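Below is one structure, written out as structure tokens, with a few remarks after it.
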Amino acid sequence: MNQRNPTISKGVDWSLVWIWFILCAIGVTSIFAASYHEGENVIQGFISLKTDYSRQLLFFVIAGIIGTFILLTDSKFFTATANLGYAFGIFLLLLVFPFHSRVKGTESIIRFGSAFQLQPADLCKLFVNLALAKYLSRVETNFTRPRSQLIAAAIALTPAMLSIMQKETGLSLVYFSFFLVMFREGLPPSVLVIGFSFAVLVVATLLLEPNTLAIILTAIALLAIYILRRQIKRSRSILFLIVGIWFVCVGVQRFVVPFAFDHVFKPYQVKRIYDAIGKDYVPKDRATEAALESEQKGKKKDNNYNVKQSKIAIGSGGLIGKGLLKGTQTRYDFVPEQKTDFIFCTIGEGFGFVGSIIFLGIYILLLMRIVSVAERQRSVFSRCYAYGVASVLFFHIVINVCMTVGLAPVIGIPLPFISYGGTSLLTFSVMLFILVRLDADRQMVLR
């Protein structure tokens, strides 16, 4: 009588495994569609390990093997090694500084020969998720106290700061997604409101004239004072709070944003942000213009061209798409980085609006399933880790898709399980399989 190995199958949520398998298969197919050239021997191309799609298939197989070992691992191993893994991740990020290779403007990659490269900023998401879950699940952690909140924020943002120093701004932003985990565990909603309000203020600063925005901010402050006039009579601190917020907002508009755009961000990054909001970027001086020209030197096309071609590819797919290997925009390399950052346009052109909706529906199903799995955990560690996985995936999916259709700046965020890249595929796969392993022992209380 045949019987599956109970040490693997017992308690495993196979729906997550199947969704992982489907997404990885779509990824290999999309990379094949974007990189296949007429006349190539398909079988030889897949077994040669010289094509992008054959290498992605190899990483798919490796991820499956690693996932199997994870399912055979004791769940307590992940709690026991969480802090050690975080220290190792920070070590890898620090190792980038003396041993990095400059690739496409970023200095966050370590090369091992000509065939293999590692991006610690991508891999470190896994270690941060485990370490943050470990800290939040400690008995002595009181997350209602500012000290605990600051420690949790430091765990998440330390790799982000190191990534920024390595000119990897895109991946550094991913670490802010861990604030959603903290929000689930008791972080005051005001923190998220402040963060969202700051983002809106930055965009408004770029869209509106300085004096116009200052008038709008003043009008909002006066309106708030009028609405809360009775409360202000009882407590003057409310008035001081409103005036203080007004001063901060005007200060951000007048000084912080201009300083960041002139002295922190690179000219090409500023141009990407302006392109995303539909405004032309005009360098303020000759030095900035020269820096932008230097960044563009050697490139045939700028980033705005990438987005335009991506939107053309997605739009040309129509309702049901042109079919596999029949997309002209992706087949003839009109879209730069179409195997990595802009892989979604390959799906849009080949399978159209219907195919894109079905594809995004698989992602939504995955996220909903992860949240459902998170809420059934007895262990705080497992719940926090599950929400961390959902938050990172959600951030990557939203930013990447918005990036390909021109709703977000081009910041080099890969599409989970789909974009070409061994580090990315292995990191996302390991994150998901660890979640499946923890969920299999969901009746245990892990710390």
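All told, LEU366 meets the bar of being touching a residue at least 60 places away in the same chain (Cβ under 8 Å), among the hydrophobic types (A, V, I, L, M, F, W, C) and in a helix (DSSP H, G or I).
One line per residue, one yes/no per condition, for (1) of a type outside the set (A, V, I, L, M); (2) modelled with pLDDT of 85 or more:
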site: SER137; (1), (2): yes, yes
site: ALA152; (1), (2): no, yes
site: ALA156; (1), (2): no, yes
site: ILE164; (1), (2): no, no
site: PHE179; (1), (2): yes, yes
site: ALA221; (1), (2): no, yes
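For ILE314, are the conditions met, namely being among the β-branched types (Val, Ile, Thr), within 21 Å of LEU23 (Cα to Cα) and in a loop (DSSP other than H, G, I, E, B)? Judged against the criteria, ILE314 is not a match.
Each residue in the stretch 145-170 was checked for being closer than 20 Å to PRO414 by Cβ and part of a helix (DSSP H, G or I), and 8 pass.
Each residue in the stretch 190-219 was checked for being touching a Lys or Arg at 6+ places or on another chain (Cβ under 8 Å) and either at pLDDT below 85 or assigned to a loop (DSSP other than H, G, I, E, B) (or both), and 3 pass.
Could you please find all residues in the stretch 414-435 being surrounded by 23 or more Cβ atoms within 10 Å (Cβ to Cβ) and aliphatic (A, V, I, L, M)? Result: LEU415, ILE418, LEU425, LEU432, ILE434, LEU435. Exactly one residue out of ILE413, ILE418 is modelled with pLDDT under 90, under 18 Å from the mean Cα position of the chain (by Cα) and either part of a loop (DSSP other than H, G, I, E, B) or over 26 Å from VAL28 (Cα atoms) (or both), and it is ILE413.
Taking the criterion of being under 30 Å from GLN166 (Cβ atoms) and more than 30 Å from the chain's Cα centre (by Cα), no residue of the stretch 235-269 qualifies. Does ILE31 satisfy being modelled with pLDDT of 90 or more, in a helix (DSSP H, G or I) and touching a helix residue (DSSP H, G or I) at 6+ places or on another chain (Cβ under 9 Å)? The answer is no for ILE31. Of the residues making up the stretch 65-77, those that are in a helix (DSSP H, G or I) and out of contact with any Phe, Trp or Tyr (no Cβ under 8 Å at 6 or more places or on another chain) are ILE65, THR68, PHE69, LYS76, PHE77.
Determine whether ALA390 is modelled with pLDDT of 90 or more, within 18 Å of the chain's Cα centre (by Cα), more than 27 Å from ILE110 (Cα to Cα) and not β-branched (Val, Ile, Thr). The answer is yes for ALA390. Could you list, in sequence order, all residues of the stretch 186-209 that are within 25 Å of SER137 (Cα to Cα), in contact (Cβ under 8 Å) with a residue 40 or more places away in the chain and not hydrophobic (A, V, I, L, M, F, W, C)? GLY186 - this is the single residue of the stretch 186-209 that is within 25 Å of SER137 (Cα to Cα), in contact (Cβ under 8 Å) with a residue 40 or more places away in the chain and not hydrophobic (A, V, I, L, M, F, W, C). The set of residues in the stretch 47-92 being crowded, with 18+ Cβ neighbours inside 10 Å and either among the aromatic types (Phe, Trp, Tyr) or in contact with a strand residue (DSSP E or B) (Cβ under 8 Å, 6 or more places away or on another chain) (or both) consists of TYR53, PHE59, PHE60, PHE78, TYR86, LEU92.
Looking at the structure I just gave you, is LEU173 under 16 Å from GLY412 (Cα atoms), part of a helix (DSSP H, G or I) and modelled with pLDDT under 90? If you could, list the steps in order and put the result at the bottom.
Values: under 16 Å from GLY412 (Cα atoms): yes; part of a helix (DSSP H, G or I): yes; modelled with pLDDT under 90: yes.
In short, yes.
Considering only residues in the stretch 145-175 that are more than 12 Å from ASP122 (Cα to Cα) and β-branched (Val, Ile, Thr), the one that is surrounded by the most Cβ atoms within 10 Å (Cβ to Cβ) turns out to be ILE155. The numbered conditions (1) at pLDDT below 90; (2) over 26 Å from TYR305 (Cα atoms) are all true for LEU365 except (1). Against the test of being at pLDDT below 80 and either surrounded by fewer than 22 Cβ atoms within 10 Å (Cβ to Cβ) or under 30 Å from LEU58 (Cα atoms) (or both), the options GLY186, GLY113 yield a single qualifying residue, GLY113. Take the conditions (1) surrounded by 15 or more Cβ atoms within 10 Å (Cβ to Cβ); (2) over 20 Å from the mean Cα position of the chain (by Cα); (3) within 30 Å of TYR268 (Cα to Cα); PHE178 misses just one of them, which is (2). Answer yes or no as to whether ALA131 is surrounded by fewer than 21 Cβ atoms within 10 Å (Cβ to Cβ), touching a residue at least 12 places away in the same chain (Cβ under 8 Å) and either over 30 Å from PRO267 (Cα atoms) or not acidic (Asp, Glu) (or both). So ALA131 does not fit the description; no. The set of residues in the stretch 421-438 that are modelled with pLDDT under 90 and either polar (S, T, N, Q) or not in a loop (DSSP other than H, G, I, E, B) (or both) comprises GLY422, THR423, SER424.
Here ASN142 clears all of (1) loosely packed, with under 12 Cβ neighbours inside 10 Å; (2) part of a helix (DSSP H, G or I); (3) at pLDDT below 85 except the condition numbered (2).
Each residue in the stretch 222-272 was checked for being without any contact (Cβ under 8 Å) to a residue 40 or more places away in the chain and more than 30 Å from ASN304 (Cα to Cα), and 29 of them qualify.
When GLY348, GLY406, GLY388 are checked against the criterion of being outside any helix (DSSP H, G or I) and within 30 Å of LYS167 (Cβ to Cβ), a single residue qualifies: GLY406.
The values are calculated or read from the model by the stated rules, or taken from the named source; none is laboratory data. Bear in mind that the values here come from a model prediction, so they are computed numbers and not experimental data. Neighbour counts run over all protein chains shown; Cβ positions are idealised from the backbone, glycine included.
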